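The next block holds one structure in the form of structure tokens; read it before the comments.
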Number of protein chains: 4
Amino acid sequence: MNTFGSRFQVTTFGESHGPAIGCVIDGCPPGLLIDEELIQKELDRRRPGKNPLSSKRNEDDKVEILSGVFEGKATGTPIALIIRNKDTRPEDYEGLRDVFRPGHADRSYLERYGFRDHRGGGRSSGRETAARVAAGAVAKKILSQQGVTVVGHAVQIGSIHAEAFDETEITRNAVSCGDKTAAPLMAEAIIAAQSEKDSIGGIIEILVRGVKPGLGNPVFGKLDALIAYGLFTIGSVKGVEFGAGFAVGCMHGHMNNDQMDSTGYLSNNAGGILGGISTGQEIIVRCAIKPTPSIGMPQKTVGPDGKERMIRISGRHDPCIVPRVIPVAEAMIAIVLADLLAP
Amino acid sequence: MNTFGSRFQVTTFGESHGPAIGCVIDGCPPGLLIDEELIQKELDRRRPGKNPLSSKRNEDDKVEILSGVFEGKATGTPIALIIRNKDTRPEDYEGLRDVFRPGHADRSYLERYGFRDHRGGGRSSGRETAARVAAGAVAKKILSQQGVTVVGHAVQIGSIHAEAFDETEITRNAVSCGDKTAAPLMAEAIIAAQSEKDSIGGIIEILVRGVKPGLGNPVFGKLDALIAYGLFTIGSVKGVEFGAGFAVGCMHGHMNNDQMDSTGYLSNNAGGILGGISTGQEIIVRCAIKPTPSIGMPQKTVGPDGKERMIRISGRHDPCIVPRVIPVAEAMIAIVLADLLAP
Amino acid sequence: MNTFGSRFQVTTFGESHGPAIGCVIDGCPPGLLIDEELIQKELDRRRPGKNPLSSKRNEDDKVEILSGVFEGKATGTPIALIIRNKDTRPEDYEGLRDVFRPGHADRSYLERYGFRDHRGGGRSSGRETAARVAAGAVAKKILSQQGVTVVGHAVQIGSIHAEAFDETEITRNAVSCGDKTAAPLMAEAIIAAQSEKDSIGGIIEILVRGVKPGLGNPVFGKLDALIAYGLFTIGSVKGVEFGAGFAVGCMHGHMNNDQMDSTGYLSNNAGGILGGISTGQEIIVRCAIKPTPSIGMPQKTVGPDGKERMIRISGRHDPCIVPRVIPVAEAMIAIVLADLLAP
Amino acid sequence: MNTFGSRFQVTTFGESHGPAIGCVIDGCPPGLLIDEELIQKELDRRRPGKNPLSSKRNEDDKVEILSGVFEGKATGTPIALIIRNKDTRPEDYEGLRDVFRPGHADRSYLERYGFRDHRGGGRSSGRETAARVAAGAVAKKILSQQGVTVVGHAVQIGSIHAEAFDETEITRNAVSCGDKTAAPLMAEAIIAAQSEKDSIGGIIEILVRGVKPGLGNPVFGKLDALIAYGLFTIGSVKGVEFGAGFAVGCMHGHMNNDQMDSTGYLSNNAGGILGGISTGQEIIVRCAIKPTPSIGMPQKTVGPDGKERMIRISGRHDPCIVPRVIPVAEAMIAIVLADLLAP
């Protein structure tokens, strides 16, 4: 299952160390202004090698549009995009042919398929998400025409929590945090983990604004269910919550219910969605992001032969994937919304 | 969207106060032994009116199989089930025609459809989930043939946390908790909320055992994504997490990674799923359940006319929905798994 | 696969001699005026036992709406319909448990599922199509609001061809033929076949008017492909053609192309669809209907045990299914169009 | 809708005169031996410019595999293929920006999308089918492992009918006809049409052998319905029939029914499918192929402005598309079967 959505449908393809990754977008409204620059801009946000906190893999991630766009406009036919893999070093992974990396899908893939592309995780690599970000750029363009925006930011990295939120701060620091006090502490926590050949996790929040009330469908087409589904298709996500989220577990009804007066809702514990349908308030969703499983510290593991061995992973890896997951999470949410909003 | 799944496909229908609710199950393997008793048993777990902690609505929830079963066996054709609504009291809801209940989907439904069935939430009522539990009984039968079991229990109600887990305790108390010390405290917390005309939330955990390694599909068919999608289609769920869940946000890679030796995995922070594919370990998933929005305390609200008013909800409601959500969550997970495991 | 369509989605269930047949319609626009009478009217067109040319099975085919309609209007939630089977005579079929009826799906079903409901074909019985006609009634209501009509008529029965077409004649004769000269000859041909314990085939044509230009989608969503798919799901259909149909095989391009002037197209060999998209002309489609396979004449066959035997089928069967297929074919086309036109 | 199938799923993309066409194949069984040569061989059968009967457009149709194949084997992840367009001459089509070609989808596309890629039909061009043939090559590989073969041949071109069938003849003549007497007459008929700046239609037949009994699903998943759907997605197909096909219209039940004895079925009027499920006999399906709409003869038409004009089409076109449709029809049937047979 490599296709997402029904009206605005995205099919991704490609392995981390194969010739190319890409996607086919079906259902883009005809007439939408689309060009490679629009997509490149989003890809550049996710691209590795930009700053000292991220992987050293050097991919320019140049996108090529193969179809579906004519004279600068979407024709309504499928938009195929490809991104050639350039800085592949399959030799880096040769030693991984016979060993399962803890925290990765190496073993479960082998058990699923009987054999696997061991080069950097193959299809399970985070590199596949570049194709989603490309599709998300088109989705965001559709949303922007309806006044909808999707903004993600880091709210926690390790034990550092954002305590404030100023949206303009997000692009000013390497961790995409809206709290200018917390941001440098988060960066420090990442560098500290890296220096110990370790990695670190975090929590991100995505805010969606401008969604009119009435979006989403009962029973199995609930807006929150579709968004959560989209987010959990991102490899590093281990939890998703809306509005008050897990805190509802210790709440009483009178605290959690969002009462109303003539000006609208008086709170937003629901996170902008009630009964699976948007309320018109800001949609608030958070994801738990696990620490990057690739670490240089020695770990116990086995190989396909069942024999025990120690592994120290030396490739080019992000000590904290949180900042680079943000554009991916935004893309998935944009794709979900475009699927519901596309005519 | 009232259909779930692709191979084992469940379509539910029905409103809380209409003639009947039910479902059509398509894709049940031919030859499976199915009868009304099998389904009734699961329905009885979810049925209201069983104990002082639940709604007083008195539904016997008798299921009738209309098709797809011949001489005690599934024929492979669609199984249609109906459950007649009996104790409907639409008059109880007459006063709700012109007011939005806080925490319910009343307003978002009206904004979605332009008009609504105001009788007890209509389609958005929790009553719809009885049809899922019926379908889940068939799904569980499929799973049981492959040695897979699905068990849910309450881990938190309000501020009371289960500190122990003895599976045999779950059916011994009214809150479906595996900790015999915590269970009566949870029940007390519910009764306390009820006595204040309030309600209370909680957290449930579902454990899936017996899933072989290799179940699930990249990229958009990830097992955890499908399970989370299924769980978020339950109206009261505000958060879902697997394994270490939101706690990964403050973890380092070496703590979170599940290392391996020749006996298998040495921990289960992943919750039994890596890269969207089962590892063969126990699948561990938790859901945050919001407090029942229907409460007798006065709340500020408005009506479709925009005018402000106070509302005190007097119907027959559960002060805590947690125990009754457990069989529904089990059913959704069973349906997801049957969809992947059905031949 | 018992679900058809994506936006306007119809799931049918039920066996010929089980408790009930029915369907769930998902995607009906909220606010549409729907009642049991609207559906009953279409069901009565297909109902057996109406005239000497049809089966003697006596079913009143009374429909009951279980959900999705509130105060006379569709709510936008799934509409579930059931039709109880009344005149079931499973004992008529007892002798068929151990023999395959030629021209029926008895053998292929057994090979598909390993066992089967032998009572009158079970799920493969034409009786299942009553559920489609019920759903088609709702679909036609949607179409009528957009000025679209679907009209079927018999153009051939055995060797008798309709040479004229007067739409007002269709309802005036038992064979639904628009040629008042041919109609009685067709009826005679049917009675002649019946008197020889034989059956007879035919060809029907369905005309769709009022479809605006621009309906249908490249590449796999072609309007003609979807209509043909719908028609071939009817058991007795062995061929489908649009416009000039099979006659294009001996045509030259200048004859077949529909030229245009400022008043529109100058001919309609395309049958109202070009490149899978409606042209705004009348959509013209014809189906070949095989002679009813159930005949009283002796036929060679075998049983599940492989042993040869002769069979003479004595149940209550239509000597010619053509007239009763017409409302079913109309229903399938209406469902296809509603799926494309539903908002 | 540019995706076909559910388990073995093919998504095509690309326009006739854009940078590339291609497809993504999702659901190929892991371990299947796949390389570019396998696909190229099928593409070469469909390729234009091979003989005097076909279009002069000179495309080498070289396929590149971008993903899903590792060390010569399918990995189970999506296989993306691209074919660069080389001999594009958009300038040939500049004159067509303002005129609708009769028999083409120019006008219906404009009415569908509001604007269009006028270069050689854009997405509605037959060139898109190269991507299907590429996917079909993979599908055929899956089928071959289960002993299933798909063979197409021309049975009629204009007024010339094949009267004999010798499968070895098919590849010996330019019209893919199994009758060595008819084949040169068919070729003559094509050349005669071409010399008059006209085109000519025909009928093809596809035979599928080796399908075991029991393939296909009631009710909407009927094998014949799925095959017909696949065939009608080919632009030039105006009719599809199985077995006796339209001839059933004048048949009696005792003639049409395929009786059985202990050796099997005694005839094959059903065309290998009963009740939508394979019988184990040869599957026989025929398609009516319309004459190529692009002709040099003057034709009346209009432009988007509604003004009348004459058109003479001068591009590089096939005077008869029948021989080149055969591999496309085979591919679509192979894709349908792979979708049902893929594990």
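The values are calculated or read from the model by the stated rules, or taken from the named source; none is laboratory data. As the structure is a prediction and not an experimental result, all values here were calculated from the model. Positions of Cβ are backbone-derived with ideal geometry, glycine not excepted, and every protein chain shown enters the neighbour counts. What goes into the accessible areas is simple: the full protein's heavy atoms, side chains included, and nothing from ligands, DNA or RNA. Shrake-Rupley method; radii C 1.70, N 1.55, O 1.52, S 1.80 Å.
Odds and ends about this structure:
- B:Gln259 meets the conditions (1) at the interface with chain A (Cβ under 7 Å from one of its Cβ atoms); (2) farther than 22 Å from A:Asn2 by Cα; (3) within 24 Å of the chain's Cα centre (by Cα) in every case but one. The failed one is (3).
- Taking the range A:269-311 as the range and being hydroxyl-bearing (Ser, Thr, Tyr) and assigned to a loop (DSSP other than H, G, I, E, B) as the test, the residues that pass are A:Thr279, A:Thr292, A:Ser294.
- Enumeration of residues in the range C:1-20 that are touching a residue at least 40 places away in the same chain (Cβ under 8 Å) and within 11 Å of chain D (Cβ to nearest Cβ): C:Phe4, C:Gly5, C:Ser6, C:Gln9, C:Val10, C:Thr12, C:Phe13, C:Gly14, C:Glu15
- Verdict on B:Glu330 being more than 10 Å from chain A (Cβ to nearest Cβ) and surrounded by fewer than 23 Cβ atoms within 10 Å (Cβ to Cβ): no
- From the list A:Lys212, A:Lys197, A:Lys180, the lone residue that is closer than 23 Å to B:Ala244 by Cα and among the basic types (Lys, Arg) is A:Lys197.
- Scanning the range C:284-310 for residues that are in contact with a Phe, Trp or Tyr (Cβ under 9 Å, 6 or more places away or on another chain) and open to solvent by less than 10 Å² (accessible area, probe 1.4 Å) yields C:Val285, C:Cys287, C:Ala288, C:Thr301, C:Val302, C:Gly303.
- Picking from residues in the range C:164-200 that are of a type in the set (Lys, Arg) and touching a residue at least 12 places away in the same chain (Cβ under 8 Å), the one that is farthest from C:Val237 (Cα to Cα) is C:Lys180.
- Whichever residue in the range A:69-93 is under 26 Å from the mean Cα position of the chain (by Cα) and open to solvent by 70 Å² or more (accessible area, probe 1.4 Å) and, among such residues, is modelled with the lowest pLDDT: A:Arg89
- Unique residue being within 30 Å of A:Thr77 (Cβ to Cβ) and either more than 7 Å from chain D (Cβ to nearest Cβ) or open to solvent by less than 10 Å² (accessible area, probe 1.4 Å) (or both) when the list is C:Gly272, C:Gly239: C:Gly272
- Flag for B:Glu111 being of a type in the set (Asp, Glu), facing chain A (nearest Cβ under 9 Å) and under 30 Å from B:Ile79 (Cβ atoms): no
- Test: residue in the range C:183-205 that is modelled with pLDDT of 95 or more, closer than 16 Å to C:Arg46 by Cα and open to solvent by 20 Å² or more (accessible area, probe 1.4 Å): no
- Residue check, B:Ala131 closer than 30 Å to B:Gly272 by Cα, in contact with a Ser or Thr (Cβ under 6 Å, 6 or more places away or on another chain) and not acidic (Asp, Glu): yes
- Residues within the range B:205-252 that are at negative phi, small (Gly, Ala, Ser) and in a loop (DSSP other than H, G, I, E, B), tallied: 4
- Among residues of the range D:23-35 that are on the phi > 0 side of the Ramachandran plot and at the interface with chain A (Cβ under 9 Å from one of its Cβ atoms), those with a Cβ under 6 angstrom from a residue that is assigned to a loop (DSSP other than H, G, I, E, B) and of a type in the set (A, V, I, L, M), sequence gap 6+ or separate chain, pair up as D:Gly27/D:Ala342.
- Considered as a group, the residues in the range A:206-224 that are open to solvent by less than 10 Å² (accessible area, probe 1.4 Å) and more than 22 Å from the chain's Cα centre (by Cα) include one that is nearest to A:His317 (Cα to Cα), and that residue is A:Phe220.
- Scanning the range B:243-265 for residues that are β-branched (Val, Ile, Thr) and crowded, with 24+ Cβ neighbours inside 10 Å returns a single hit, B:Val248.
- Subset of the range A:36-68 (residues that are open to solvent by less than 30 Å² (accessible area, probe 1.4 Å), more than 8 Å from chain D (Cβ to nearest Cβ) and not charged (D, E, K, R)): A:Ile39, A:Gln40, A:Leu43, A:Pro48, A:Leu53, A:Ser54, A:Ser55, A:Val63
- Lone qualifier among C:Ala134, C:Ala164 - being among the hydrophobic types (A, V, I, L, M, F, W, C) and within 13 Å of the chain's Cα centre (by Cα): C:Ala134
Condition check ((1) in contact with a Gly (Cβ under 9 Å, 6 or more places away or on another chain); (2) open to solvent by 20 Å² or more (accessible area, probe 1.4 Å)) across all residues:
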site: A:Leu96; (1), (2): yes, yes
site: A:Phe100; (1), (2): yes, no
site: A:Ser108; (1), (2): yes, no
site: A:Gly121; (1), (2): yes, no
site: A:Val133; (1), (2): no, no
site: A:Lys140; (1), (2): no, yes
site: A:Val148; (1), (2): yes, no
site: A:Ile157; (1), (2): yes, no
site: A:Arg172; (1), (2): no, yes
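- The set of residues from the range B:173-196 being charged (D, E, K, R) and touching a strand residue (DSSP E or B) at 6+ places or on another chain (Cβ under 9 Å) comprises B:Asp179, B:Glu188, B:Glu196.
- Flag if D:Ser314 is outside any helix (DSSP H, G or I), more than 9 Å from chain C (Cβ to nearest Cβ), within 18 Å of C:Ser108 (Cα to Cα) and open to solvent by 10 Å² or more (accessible area, probe 1.4 Å): no
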